[in-house]
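Asker: The following block contains the structure, expressed as structure tokens.
Every number in this text was worked out from the coordinates using simple rules, so none of it is lab data. Fair warning: this is a prediction, and the values are worked out from it, not measured in the lab. Positions of Cβ are generated from backbone atoms using ideal geometry, with glycine treated the same way; all protein chains shown enter the neighbour counts.
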Amino acid sequence: NQPQKIPRTIFVSWKTRILGPSVFTSLLTILNHNPEYELVFFDDADVDRMVCELYPEYASYFGKLVAGAARADVWRMMVIERYGGVYMDMDLTCHRHLDVPANASIYSGAGWWGHLPHTFGVLNHWAFAFVAHHKIVQTTLELIWENLKDPNQPRISSPEALEAERSLTMRLTGPSPFQAALVGQLKKATCRYTDFERNGRKDNRSYHRSLLEPHNYCDNMTAFEQEIGVLAVTDRTEWDYTCHSKLLDVREEQYWGYAYDDPKKRIKEEPDLEFCNTIDDRIAQEKHQWDEAVRRRNENSR
């Protein structure tokens, strides 16, 4: 119970408060191994209300999103920017306690792979912890809003962007804006690229070592501490495998509406100007669709 800079709050989100056995079990493992943490659960209605309360000027653009993953991408940055704490995907199963260093401004795992803007060396985007109002999270959110306003801008729709990141969801709201924000802060601290080679791939634009050893690979540590703070990362993902993603199969519980990259279920063409005025209607409609999907699945499984 020693004080720490990152709040002891874990944020999770799911479409509905009706959880299937896999998701519910994963949630119990998080609570069981971290009893001193507060767990805050948002369903889709909670997410919509938060957008309308905190970011009303962007609510119509958020209303363009259909894919549940993209909506969660935006919400997680909003809630962590506002309050600070730990974000976890709902398919994470924990088997150890979260050991967040008391002085950490960021606690994450460092990955060797890459995302737009086509640099290697990333922070986990499915499990991370930040202090409130961190510059990386703020910048990520700003980039997401820009993307939603104009999803056809060259930064995310050019042939080069498509080649580097095939998924629209990942370019628009997911790890790509998160990576762009991280790279921007690393550049301010004059962190250096190192050569990258893995699985037959070679590149000279990797920040992996800078994330793990900033004192050895970043020339301006004063700027690093100002822009990033105390970076606590593990060389293996998910906080050194404290938790595992997709250990339990939640796909059987995603009955409706959570298509990650189905072209018909990713994003609407126009902003939803009535987004904040139609939350209750949307809740009723989606509950009906969800119930119908569950009913059909149960009938088909007989």
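Asker: Lysines near Lys268 by alpha-carbon distance under 23 Å, same-chain residues fewer than 8 away left out - which ones?
Answerer: Lys15, Lys64, Lys149, Lys287
Asker: Also, quick follow-up: Are there trypsin sites (Lys or Arg not before Pro) in region 1-79 that DSSP puts in a loop and that have at most 13 other Cβ atoms within 10 Å, and which ones?
Answerer: Values: sites: Lys5, Arg8, Lys15, Arg17, Arg49, Lys64, Arg71, Arg76; in loops: Lys5, Arg8, Lys15, Arg17, Lys64.
Filter output for region 1-79: Arg17.
Asker: Using a cut-off of 14 Å between beta-carbons, work out the net charge of the residues near Trp239 (Lys and Arg +1, Asp and Glu -1, Trp239 not included).
Answerer: The answer is -3.
Asker: Which of rounded, prolate, oblate describes region 67-124, given a ≥ b ≥ c as roots of the alpha-carbon gyration tensor eigenvalues and a/c under 1.5 marking rounded, otherwise prolate only if a/b is larger than b/c?
Answerer: Judged from the Cα gyration tensor, region 67-124 comes out rounded (a/c under 1.5).
Asker: Given the Cα-Cα distance of Glu286 and Gln4 and 0.36 nm per residue of separation, how much length would full extension add, in nm? The partial results should precede the final answer.
Answerer: On the way: separation 282, 0.36 × 282 = 101.52 nm, distance 3.96 nm.
Extra length from Glu286 to Gln4 when fully extended: 97.6 nm.
Asker: Any chance you could give the angle, 0 to 90 degrees and rounded to 10, that helix 44-54 forms with the longest Cα principal axis of the chain?
Answerer: Roughly 60 degrees between the two axes.
Asker: Another one. Under 14 Å from a label point 7 Å along Cα→Cβ of Arg236: give me every residue in region 78-110 with its amide N that close.
Answerer: 95-97, 109-110, by backbone N distance to the label point.
Asker: If you don't mind, another one. Quick one: dipole size for the chain, taken about the Cα centre, charges +1 on Lys/Arg Cβ and -1 on Asp/Glu Cβ, in debye to the nearest 20. Display every interim value, and only then the final one.
Answerer: Numbers: 36 positive and 44 negative charges, 105 e Å.
I would put it at about 500 debye.
Asker: Let me ask something else. Once the Cα atoms of helix 135-149 and of the chain are each reduced to a long axis, what angle between those two axes, in degrees from 0 to 90 to the nearest 10, is obtained?
Answerer: 50 degrees
Asker: Okay, next question. Full extension from Glu142 to Leu31: what is 0.36 nm times the residue separation minus their Cα-Cα distance, to one decimal in nm? Please list the in-between numbers first.
Answerer: Numbers: separation 111, 0.36 × 111 = 39.96 nm, distance 3.17 nm.
Length difference between fully extended and current span is 36.8 nm.
Asker: How high is the relative contact order of the chain, given as a whole-number percent (alpha carbon pairs under 8 Å, six or more residues apart)? Walk me through the numbers before you get to the answer.
Answerer: Values: 521 pairs, mean separation 78.6, N = 302.
Relative CO of the chain lands at 26 percent.
Asker: Between 0 and 90 degrees, rounded to the nearest ten: what's the tilt of helix 68-83 against the longest Cα principal axis of the chain?
Answerer: Compared with the principal axis, the helix lies near 60 degrees.
Asker: What do you get when you divide the Cα radius of gyration of the chain by 2.2 N^0.38 Å, with N the number of residues? Don't skip to the end; give the middle numbers.
Answerer: On the way: Rg = 19.4 Å, N = 302, 2.2 N^0.38 = 19.3 Å.
The chain yields a ratio of 1.01.
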